[in-house]
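These notes are about the structure you will find just below.
The values are calculated or read from the model by the stated rules, or taken from the named source; none is laboratory data. The structure presented is a predicted model; accordingly, all values stated were derived computationally and were not measured. In this analysis, Cβ positions are derived from the backbone assuming ideal geometry, glycine residues included, and neighbour counts consider all displayed protein chains. Please note that ligands, DNA and RNA were not included when accessible areas were found on the heavy atoms of the full protein model with its side chains. Shrake-Rupley method; radii C 1.70, N 1.55, O 1.52, S 1.80 Å.
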Amino acid sequence: MPRPLVVVSLDLMHHTKEKGDLGVLKAQLDLYEQGFVILNPMTEHAAFDLVAYRACEFIRVQVKYKSVDKFGGMTVHFRSSWTDKHGTHTRQIDKDEVDLYCIYCPETDECYYLDPKEFNKSVTLRVEASKNNQSKNIKLAADYRRVP
């Protein structure tokens, strides 16, 4: 007898690897729709998740899966972290090894693109308007929908 089909809601997904894989798939589709050829590294140990190629230019892309926080934004930290038998480790990324950050947001089901060299250690993209109507120094996620 066949087993019943089980559908897993993205809201129930917690495993970091699954979220990362989904973010990379969404980035690949979005970049393809923007006219890029997608190249995948043969290792998971590269500083980037994929390479986008268009018009004789290669772009190393790091993909992040970020949910909207309770304030209506997504804060992206330009760092990497990993866990091993000695605990959890974090280090700032080398911005010379990554050309572009792609942020996949499950709530909007969209990708947002940042040049990490344009920011310091982190940046917050607003998905929703601020409750106090602040507009100065606000970075709206919608302004980052296309590859710069």
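Among the trypsin sites (Lys or Arg not before Pro) in region 111-148, those placed in a DSSP loop whose Cβ has at most 16 other Cβ atoms within 10 Å are Lys121, Lys131, Lys136, Arg145, Arg146. For the pair region 44-88 and region 97-148, the centres of their Cα atoms are 13 angstrom apart.
Our compactness index for region 13-71, the C-alpha radius of gyration over the empirical 2.2 N^0.38 Å, is 1.23.
Taking only the alpha-carbon positions of region 2-148 and ignoring solvent, what does the Debye formula give for the base-10 log of I(q)/I(0) at q = 0.09, 0.14, 0.16, 0.17 Å⁻¹? Log-scaled intensity ratios, in q order: -0.31, -0.73, -0.94, -1.04. By accessible area, using a 1.4 Å probe on protein heavy atoms only, the chain has 52% of its surface on carbon and sulfur.
Taking the helices alone, the chain has a mean residue ellipticity at 222 nm of -4000 deg cm²/dmol, built from -39,500 (n - 2.57) per DSSP H run of at least 4 residues and averaged over all its residues.
Using DSSP to call loops (not H, G, I, E or B), can you name the GluC sites (Glu not before Pro) in region 68-148 whose Cβ has at most 14 other Cβ atoms within 10 angstrom? All intermediate terms of the calculation are to be shown ahead of the outcome.
Numbers: sites: Glu97, Glu107, Glu110, Glu118, Glu128; in loops: Glu97, Glu107, Glu128.
Passing sites in region 68-148 are Glu97, Glu107, Glu128.
Once C-alpha pairs closer than 8 Å and six or more residues apart are averaged by separation and normalised to the residue number of the chain, the relative contact order reads 20 percent.
Expressed to the nearest 5 percent, the antiparallel share of DSSP beta bridges inside the chain is 75 percent. With protein chains left intact and a 1.4 Å probe, residues in the chain average 69 Å² of accessible area per residue.
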